[in-house]
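Encoded as structure tokens, the structure appears first; notes follow it.
Read-outs: derived from the displayed coordinates by stated rules, not from any lab. As the structure is a computational prediction, the values presented were derived from the model and not from experiment. Don't worry about glycine lacking a Cβ; one is built from the backbone with ideal geometry, like all the others, and counts go over all protein chains shown.
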Amino acid sequence: MSEILSYGFMQRALLAALLVGILCPTISFFVVLKKLSFLGAGISHTALGGIAIGLATGLDPVLTGSVFAVGTAMSTGHISRVGKISEDTVIGIFYASGMALGIALISTFKGYYPELFSLLFGNILAVSFRDLQLMVLALAVIMIFVIIFFKELLAICFDEEMAVAGGLPVGPLYMGLLAAVGLTVMVSIQLVGVVLVAALLVIPGAAAYRLSSNYRSMLAYSLVIGLAGSFGGLFVSYYYPVPPGAAIVLILAAMFALAVAVKYYLEKLN
Amino acid sequence: MQEVIKTDQLTVNLGGKTVLEDITFSAVTGELTGVIGPNGAGKTTLLRAVLGLVPFQKGNLTVFGKRGKQLKEVRSRIGFMPQRQSFERRFPLSAADVVATGLLSPKTLFRRVPEKSKQVDESLRAVGMEGFYSRAFQSLSGGEQQRILLARALARRPGLLLLDEPNTGLDFPAQQSFVELLRELKEKDGLTIILVSHDLVSIAPAADKLLCINRTMHIHGHPAEVLRSSHLDEAYRCQFDFLTTGGGFERCWH
């Protein structure tokens, strides 16, 4: 353990695992309750377009990807509500279009872009001090939003029609939640990459949902599962030749399978 | 008896289509009005217009003596119970948590709304569910869930209660029990209730008035008068025969 902590890159990676291990399960809680899983997957793939724009223009790809991810999330919500089109349909279009833009731009690149591969497949071991600063900032903004409006967000997830009838500002709060999903995607991409980030947004909440009959325990389980996945994946990749992103997602998937099995046997016992 | 709600030739257009036209009715304190009509008649839209969720293009709506822009002032005095499809039955909330969501409003933004509040206790007691405080909502039967949702609608101590198809999916005893509870609430607390239902048999014995609509208004009056009227056949575009038996109704359908 002390050996791991003696490396600067591992210290930063552990801190990143902690930050994302708190952020993703918190957002995953709402993603699962509001049935936004496909949106999470769609945004992560759409972000490729923003990352490619950053690389093509010389801007910070994490910044352009974040703007793209948040913009896509909020546009999806707006278009689906104003145009009365299902969110699945809108995100299905953005998903493919964002990927297509990314592929088209990347195909014009000459030379080797290490950042591109880090963002496509994730590399928690390459997290810089600046990346950590951005993660802390994103975590602070999202957690402040979630803590202040937790009861309203929960009510919207449970029964949106009733929340509207009660006079709650459902539109702005929903847009805020979508923006939080977009920002979380972009922060997490640095750990597990565009391809696998949806797992961090879906699995902790989905596994916790299986095990809970109360939102408090669901949130607690989601955090435990998210942190166990982040740290577990990091340790596995340190000792075994497995990329950290893949290790994190595989551990989360195993925990989901375990949650399903536990729920099944508990129901059988009762 | 104070007039709680009054509509005068209320007309609602949605997406270029007239969904409700010239609806005129009123309800006084402690009155239960059943809104009946076939699927797509505009029953839910009528409730949504009263709640201010859809605009009306023509006519007048008066609630607790307020109309126009002043309607916003009285919205907190309206309790609402949407259709059962509007929520996820397996959602991880306790019965008290569900009721507490009924307390949320623009005034509670940035404030703590404890689920252990006096209003939550009172609402659960009002619907006979005081022993279900900590029970998981997902573990309750359909009838019990409906009572909890009714408690949620009562949480803000409304004077007007709007219920959208509350009996859907319930078996006959559960429907009867729910309607009996509504009758108690209106008699004990003087609640004015507007209840939308497609089930004439369960709604008619409890209602003081029936409003029959099918986009336009067909008839508004005492249940016996409405059920014997040819307006009902016109609204449903089929023929009904009703026989009164000991205060209840039996239905024959040709």
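Miscellaneous remarks
- Cα-derived Rg over Rh, computed across the range A:2-265 with Rh taken as Kirkwood radius: 0.97
- Put a dot 7 Å past the Cα of A:LEU15, heading toward its Cβ, do the same for A:ALA104, and the two dots end up 4.0 nm apart.
- Charge dipole magnitude, Cβ of K and R +1, D and E -1 - the protein assembly as shown, Cα centre, debye nearest 20: 800
- For the protein assembly as shown, with +1 on Lys and Arg beta carbons and -1 on Asp and Glu, the positive-most of A:GLY42, A:VAL185, B:LEU210 along the dipole: A:VAL185
- Taken as entire DSSP H runs, the helices of chain A that both span 27 Å or more between Cα atoms along their own long axis and average 0.5 or more on the Kyte-Doolittle scale are A:8-33, A:37-57, A:61-82, A:87-106, A:129-148, A:170-211, A:215-239, A:244-269.
- When each of B:MET81, A:MET255 is scored by the number of other beta-carbon atoms lying within 10 Å, the sequence from fewest to most is A:MET255, B:MET81.
- Rounded if a/c under 1.5, otherwise prolate or oblate - the range A:27-121, Cα gyration tensor axes: prolate
- Electrostatic dipole magnitude of the range A:2-265 [Cβ: Lys, Arg +1; Asp, Glu -1; Cα centre; debye, to 20]: 180
- Residues A:TYR240 and B:ASP8, FRET efficiency given R0 of 45 Å [Cβ-Cβ distance, rounded to 0.05]: 0.05
- Over all directions, the projected convex hull of the C-alpha atoms in chain B averages 14.2 nm² in area.
- Summed residue charge, Cβ within 10 Å of B:PHE91's Cβ, Lys/Arg positive, Asp/Glu negative: -1
- Among the chymotrypsin sites (Phe, Trp or Tyr not before Pro) found in the range A:1-95, those both in a DSSP coil and sparsely packed, with 15 or fewer other Cβ atoms within 10 Å of their Cβ, are A:TYR7.
- For the range A:95-167: rounded, prolate or oblate by the Cα gyration tensor [a/c cutoff 1.5]: oblate
- The GluC sites (Glu not before Pro) found in the range B:150-198 include none that occupy coil by DSSP while having at most 15 further C-beta atoms within 10 Å.
- Theoretical FRET efficiency, 1/(1+(r/R0)^6), r = Cβ-Cβ of A:TYR264 and B:SER139, R0 22 Å, to 0.05: 0.80
- Ranked packing of A:200-207, B:47-54, A:178-185, B:129-136, most packed first, by mean Cβ within 10 Å: A:200-207, A:178-185, B:47-54, B:129-136
- Computed on the protein assembly as shown, the Cα convex hull volume stands at 180 Å³ per residue.
- Computed over the range A:2-265: relative contact order in percent, which uses C-alpha pairs under 8 Å that are six or more apart: 31
- The protein assembly as shown, helix-only ellipticity at 222 nm - DSSP H runs n ≥ 4, -39,500 (n - 2.57), divided by all residues, nearest 500: -19000 deg cm²/dmol
- Given charges at beta-carbon only (K, R positive; D, E negative), |dipole| of chain B in Debye: 1220
- Dipole axis of chain B (+1 Lys, Arg; -1 Asp, Glu on Cβ), positive-most option in B:ILE193, B:LEU150, B:PHE110: B:PHE110
- When the Cα gyration tensor is reduced to axis lengths a ≥ b ≥ c, the ratio a/c stays below 1.5 for the range B:83-163, which is therefore classed as rounded.
- Amide hydrogen neighbours beyond the local backbone of B:MET217, cut-off 5 Å, H modeled: B:GLU21
- Longest exposed-site-free window of chain A, the sites being trypsin sites (Lys or Arg not before Pro) in a DSSP loop that have at most 11 other C-beta atoms within 10 Å: A:111-270
- Extending 7 Å from the Cα toward the beta-carbon at both B:GLU234 and B:GLU184 defines two label points whose distance is 4.0 nm.
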